[in-house]
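The numbers here are math on the coordinates, done by the rules we state, and not lab data. Here the structure is a predicted model, which means the values were calculated and not measured. Quick reminder, even Gly has a Cβ in these numbers, built from the backbone with ideal geometry, and neighbours come from all protein chains shown.
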Amino acid sequence: MTRRKTRCACLSVLLCLAAAAPLIAAEAVRPLSLRESIDSALERSVLVHASQEGVRGAEAHQREAFTGFLPRFSTSYSYTRYNRDPYLAFPGIPPAIPPATLTVGTKDNYTWIVEARQPLFSGGTILANYEASRTGTEIARFDEAAATQDLVLEVRTAYFSVLKAERILEVALQSLAQLQAHRDTARSFFEHGMIPRNDLLVAEVELANGRQFLLRADNGLEIARSRFNTLLRRPINTPVAIVDDMADRPYTKSIDDCIAAALERRPEIRAFALRREQAGSQVKAARGEYYPSVSLVGNYAKFGDTPGVSGSPFRDQESWYVMAVATWNFWEWGKTRHRVAAVTSRENQAADLLANIRDQVVFEVKSAFLRLHEAAKQIQVAATAIEQAEENFRISSERYREQVGTATDVIDAQTLLTRAKADRNTALGDFNINLARLERATGSSWRETH
């Protein structure tokens, strides 16, 4: 009796575990929303992290350039040993004063120097270099924004591609089930001698085509999920479950509004505009080399014949001086002129690249706008086509069962229905993907628009 109770208890535990397994699996693959997917991708992306490192590097370079305005301090400690004590040979004044050798120093000489140098004028080079580095920091921030927007677009595209592939797979499964039912009906009719063998073969062939369609749909879904996992930097075979929020949302902005927003907001345009400004600062820095540089120098030195630099009988222990130094490289065989010409060319190049990126942005906006509205119209057309195809398939199936229609009519109706459903899901997915592309083309932040 006890053994039977034990077996019943074990069986109850196993049944509970079996019942809880789906709940555990569901918890393990909790569906991700689009916002959660984007947040996860932004948190883990190495490209976004690289752009953030670029910002930190540019900020450090800006701080480095600022030090050019500040005084510089340096120190040195030296030791010099002569082969003998420095001396001065005195020829004497015969006959009253005989010749003599006078010692004027020591063999061992230790010197410690501290110097401060403050730039006073550099022809604008220091200021121009600082402005260029500060502009470089702003460029790095816009590059980070562009990298973030690119990743958001890729995640949205992958997200809706998964949803589109899932819906197409569902259509393929429904189509396969209908083709299987038609094949079974055709086989029954053939076995009762109601249709020729050719009709059964046609049904078998279409069923095989349906299996191929299902295989392609399943493979497309697997590829879409792999891309999604790659963007989120998860193991590529991680199960993917996402919230199905694919919808046909009306877009009311005009093309002119979209282009105006893109020209104002796109981080690439603003980055190229800053690159042109940065090149102008570099031209100023190069032209500053035409002028002399003026610095104020303060020097403090200690001397001695011992490492403690505590003086010697021949020299004071310490000395100091302050001086103004002007340095002017007035002839370097055209070096400065050539450098100015080089950075001026880069400035002109930056202006041309800015004009080019503006043209590209306008084209991207126009293309995304047209594709978005094309997909919206396709959704409406496909919805009407589905209604008509479903009615056509129903009538064809009824006629076939009543033996007043042909197998070809059923197959054609099924093909039309499958195509209409696939077209609608494709158009719905393309609409959401093109909406993401249009918002990226206009430079809109996803968090601001959703």
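If you add up the charges near D108, with Lys and Arg at +1 and Asp and Glu at -1, over every other residue whose beta carbon is less than 9 angstrom from its beta carbon, what do you get? Please list the in-between numbers first.
Working: positive: R81, K107; negative: D305.
Around D108, the surrounding residues sum to +1.
Over all alpha-carbon pairs in the range 187-287, figure out the percentage whose distance exceeds 21 Å. Before the final figure, lay out each step's value.
Details: 3699 of 5050 pairs.
In whole percent, the share of Cα-Cα pairs in the range 187-287 beyond 21 Å is 73.
Between the helical axis of 267-287 and the longest alpha-carbon principal axis of the chain there is an angle of about 20 degrees. Annotation for D184 and N237: the two label points, set 7 Å from Cα along the Cα-Cβ direction, are 3.4 nm apart. Taking every alpha-carbon pair under 8 Å whose residues sit at least 6 apart, the chain reaches a relative contact order of 22 percent.
Of all lysines in the structure, the ones whose alpha carbon falls short of 22 Å from that of K164, not counting any fewer than 8 places away in one chain, are K377, K421.
Within the chain, what is the longest stretch that has no GluC sites (Glu not before Pro) placed in a DSSP loop and near at most 14 other beta-carbon atoms within 10 Å? Present the calculation step by step, with values, prior to reporting the outcome.
Values: sites that count: E332, E402.
That gives 1-331 as the longest site-free run.
Per residue, the average separation of C-alpha pairs within less than 8 Å and at least 6 apart gives the range 143-297 a relative contact order of 30 percent.
Backbone phi angles across the range 144-157, fed through the Karplus curve with coefficients 6.51, -1.76 and 1.60 (θ = phi - 60°), yield HN-Hα couplings of 5, 4, 5, 5, 5, 5, 4, 5, 4, 4, 5, 5, 4, 4 Hz in residue order; Gly and Pro are listed as x. Shown in residue order for the range 33-42 are the 3J(HN,Hα) couplings computed by the Karplus curve 6.51 cos²θ - 1.76 cosθ + 1.60 at θ = phi - 60°: 7, 5, 4, 5, 5, 5, 4, 5, 5, 5 Hz (x for Gly and Pro). Sorted largest first, the spans of the alpha carbon positions of the range 357-442 along the three principal axes are 65, 16, 13 Å. What the phi angles of the range 103-120 give under the Karplus curve with 6.51, -1.76 and 1.60, with θ = phi - 60°, is a coupling list of 7, 10, x, 10, 5, 9, 9, 10, 9, 10, 10, 10, 10, 10, 10, 10, x, 10 Hz, glycine and proline written as x.
For every other residue with a beta carbon closer than 13 angstrom to the beta carbon of Y290, add +1 if it is Lys or Arg and -1 if Asp or Glu, then tell me the sum. Here the charged neighbours net out to +3. Here the calculated FRET efficiency for M323 and R346, from their Cβ-Cβ distance with R0 = 41 Å, stands at 0.60, rounded to the nearest 0.05. Between the range 268-332 and the range 28-88, how far is it from one alpha carbon centroid to the other, in angstrom? Centre-to-centre distance over Cα atoms comes out at 23 Å. Neighbour counting of Cβ atoms within 10 Å sorts the residues T157, T327, T415, fewest neighbours leading, into T327, T415, T157.
Helix 197-231 and the longest principal axis of the C-alpha atoms of the chain enclose an angle of approximately 20°. Relative to the longest principal axis of the Cα atoms of the chain, the long axis of helix 46-66 makes an angle of roughly 20 degrees. Farthest towards the positive end of the charge dipole of the chain, among the residues A96, A208, Q360, is the Cα of A96, using unit charges on the Cβ of Lys, Arg, Asp and Glu. The lysines within cross-link reach of K302, meaning a Cα-to-Cα straight distance under 28 Å and a gap of 8 or more places when in the same chain, are K107. A cut-off of 5 Å between modelled amide H atoms, ignoring neighbours fewer than 5 places along the same chain, links G405 with Y400. The Stokes-Einstein estimate for the range 303-377, based on a Kirkwood radius over Cα pairs and taken at 37 °C with 0.692 mPa s viscosity, is a diffusion coefficient of 165 µm²/s.
Here the relative contact order of the range 380-435, from alpha carbon pairs under 8 Å that lie six or more residues apart, stands at 43 percent. Partners of K335 within straight-line reach, counting lysines whose Cα lies under 23 Å from its Cα and excluding those fewer than 8 residues away in the same chain: K284.
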